[in-house]
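Enquirer: Supplied in structure tokens, the structure appears directly below.
Read-outs: derived from the displayed coordinates by stated rules, not from any lab. What you see is a predicted model; the values in this text were computed from it and never measured. Note that we place each Cβ from the backbone using ideal geometry, even for glycine, and neighbour counts take in every protein chain shown.
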Amino acid sequence: MADRRRVNGPVGQTIPPIYDTPPPKFAANQKSQDAIRKIFLKTGVTPSASGSAYLELENPSSSTGRSSTSLKLTCTVHGPRSLPRSAPFSPHIILTTHVKYAPFATRQRRGYLRDSSERDLGVHLETALRGAIIADRWPKSGVDIIVTIIEGDQDRNAPENQADDGWDMMNVLGGCITVASAAIADAGIDCVDTVAGGVAALVVRDEKSQPTIVLDPAVAEYHKVFAACCVAYLPVRDEVTNIWFKGQLPDADGMLYAKLVEQSLIACRNASRVVIKALEDTVHPGQDTS
Amino acid sequence: MATATTQHLLLSPAELAYLHSTLSLTPPIRPDGRLATQFRPLTAETGILPGTYGSARVCFADGTEAIVGVKADVEKTRRTRISPEGQNGRRQRRKRQIGDDVGGGEEEEEEEEEEESAIVGENDWVEMTVEILGHRDDDNSTVFLAAMLSEALLSDGELTKKLWINRRFHWKLYIDIILISPPLSYPLPLLSLTTHLALLSTRLPRLKSEADEDPMFDDDWAASQPIYPSSRASSSSRPPITLLVMAIGENIIFDPSKEELAVADSVLAVSVVEAAVAATTTTTTDDGDVDVDMEDDRKTRRRNLRLLSVRTVDPPSRLTAPGVPNAVNAAAWGQAPPGASAKDPGVETEDVEGVWRPPRGGAKMAVLSAMVQKVLEKGGIADEVLDGLDGVELE
């Protein structure tokens, strides 16, 4: 007699349903090319951590009121705390960054162990923050910065079988830098400046149009992304702590590259204003500082 | 993080200050007497591993040595795409292609005309592992190195296109990189150059079957075909190379050794690829001359370099211990200023000439742009390195 207590799944492999005609992509809403999407940033969301922040980035589609992509990140900072007795002497603070996608954050489920792309993001984030933190004020201590990606910036309406091309990682990194910067400030760790992340990309909107450089690209809305650049920037010092560019540029000399970086600096300055506003709200709650 | 891959360097603050000041001179004076744009001498050979489809070994003069082996498997392509019959399916596949290969502009038009030419590669057809002796393979720095190398390799989508056999099968390429010496300096350029040579020497068996049959291969290895054909005239692309560039003040220094990295203000890893000749015919008018030059003298031929990726590498200098100026050092009979004695002594002092301070903050944009520009420069270091690699005999 078959086991009637359990509802067994199908014996063989199954594939998710695939529609013959995938739903049309939401047309890129007429966000101007030199504006970034609206950022919601709030610090102090996790009481048990010494510093924390939550960032959300969403572009409501003008036609349907729904949005096709969204980025939701939360960051907690634990420390500075003393290193264990067994650790060797360090004249600086030991910075550890963990970036982890929630299993449900992307179309393809992520495991609980960090895979190589998450570790890679962690290294980028560490480079971006290490330049900002004044590390020699905390000898013999460590700080853990943990960023959890609740929703990665992927197209919600894309068919399941569509391959990942990794351009959304740029947006994720930009968000990680911004949210970690707010959380570090919330934890009261001395920094030379509030670092902010920004992304610019060379995209085409549809098959016929010319490639243009846009700030903060919602990858799902564009026909094709040629190249993208994510920069971590210290606005007051006018310095860059991390730069990540990849892709193919049509021109041979570095003109387009320089332009792309310049545009991502604008995105960084916009994000930096949001960070400063969120920190002012934390310091003077209730006051409308704007 | 750079510390794990560069062996921890025990240099005193005084030594660091000395290195930093000599490297900030114009022109910089490097500890090993090289010019700012001079590469370390290296020995290279290919085809050293008979059990692989392609292999290479590169040994730098400082004793670091890497081996790369390339192996390939025939793998069934996942049938996740919609069947190619009908317009819908075709549109769907087009979309996938656009996602997968970056910058395959010509490929799209071809596909419109003919189903057969719908060559689409996927990034997971290439698997790259980096092993550094004494480090865990899930160590952050190892993962970072592997990500950087595979990003450069995959970003133009040319390599994965070459792995396409037919609509049902593809080659899966395993590139295994082993650093067999202890990592005496940041091993990125070494690993990149070795991978470049190994891929140039990689040959795949000649396909005998046709169209969508189960693939059958010629078992004569002499008939095998290189995945990067050596003939320059064809529109074949070349594998990328990744160079390490560092800046101290205004000085830009290529291929830094570990002592130089220990005082770097900023470090960039820049990946470039030599653009295919066919792709350039439309862009430059004097291309005819270039072709003539190519036959006459390979040295004078100008290469068309394309930027593939740029990444900041965390400079290990941030982790060095700061020096203590004499003014606040009690052991040197320094007299702290009377006002400061009540405060926490000597934690934050102004920059003192000749006293080492780890760099704080980031790098100026102008410096970073100049570093990338210098790599892309015609007749610059990337050209020199590619010329050197061209001279390596392929088995």
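Enquirer: Please arrange A:ARG4, A:ARG156 by how many other C-beta atoms lie within 10 Å of their C-beta, fewest to most.
Expert: Fewest-to-most ranking of A:ARG4, A:ARG156: A:ARG4, A:ARG156.
Enquirer: Taking the Cα-to-Cβ direction at B:ASP32 and at A:ARG109 and moving 7 Å from each Cα, how far apart do the two end points lie in nm?
Expert: 5.0
Enquirer: For the stretch A:220-290, with only Lys/Arg (+1) and Asp/Glu (-1) charged at the beta-carbon, what is the dipole magnitude about the Cα centre, in debye rounded to 20?
Expert: Working: 7 positive and 9 negative charges, 28 e Å.
Approximately 140 debye in magnitude.
Enquirer: Just how large is the dipole of chain A about the Cα centre, in debye to the nearest 20, putting +1 at every Lys and Arg Cβ and -1 at every Asp and Glu Cβ?
Expert: Taking the Cα centre of chain A as origin, the dipole is about 860 debye.
Enquirer: With the cut-off at 1.5 for a/c, could you classify chain A from its C-alpha gyration tensor as rounded, prolate or oblate? Write down the numbers at each step before the final one.
Expert: On the way: a/c = 1.76, a/b = 1.20, b/c = 1.46.
Verdict is oblate for chain A.
Enquirer: Then there is this: If the limit is 24 Å between Cα atoms, which of A:LYS72/A:LYS277; A:LYS100/B:LYS258; A:LYS42/A:LYS100; A:LYS38/A:LYS72; B:LYS71/B:LYS162 go over it?
Expert: On the way: A:LYS72/A:LYS277 19 Å; A:LYS100/B:LYS258 32 Å; A:LYS42/A:LYS100 20 Å; A:LYS38/A:LYS72 12 Å; B:LYS71/B:LYS162 15 Å.
Too far apart for the 24 Å limit: A:LYS100/B:LYS258.
Enquirer: Return the ratio Rg/(2.2 N^0.38 Å) for the stretch A:68-144, where Rg is computed over Cα atoms only.
Expert: 1.33
Enquirer: How many nm is it between the label spots at A:LYS140 and A:ALA35, if each spot is 7 Å from the Cα in line with the beta carbon?
Expert: 5.4
Enquirer: Here is a follow-up. How would A:GLU207, B:GLU353 line up from fewest to most surrounding beta-carbon atoms within 10 angstrom?
Expert: B:GLU353, A:GLU207
Enquirer: Ranked from highest to lowest mean number of other Cβ atoms within 10 Å per residue, what is the order of the peptides B:44-54, B:354-364?
Expert: Sorting B:44-54, B:354-364 by mean packing, highest first, produces B:354-364, B:44-54.
Enquirer: In whole angstrom, note down how far apart the Cα centers of the stretch A:218-267 and the stretch B:174-204 are.
Expert: Computed from Cα coordinates, the inter-centre distance equals 28 Å.
Enquirer: While we're here: At 7 Å along the Cα-to-beta-carbon direction for both B:ASP387 and A:THR96, put a label point, then send me their distance in nm to one decimal.
Expert: 4.9
Enquirer: Could you give me the ³J(HN,Hα) list for the stretch B:360-377, computed from phi with Karplus coefficients 6.51, -1.76, 1.60 and θ = phi - 60°, whole Hz, x at Gly and Pro?
Expert: These are the phi-based 3J(HN,Hα) values: 10, x, x, 10, 5, 4, 4, 5, 5, 5, 5, 5, 5, 4, 5, 5, 6, 3 Hz.
Enquirer: Roughly how compact is the stretch A:194-290, stated as its Cα Rg over 2.2 N^0.38 Å to two decimals?
Expert: 1.27
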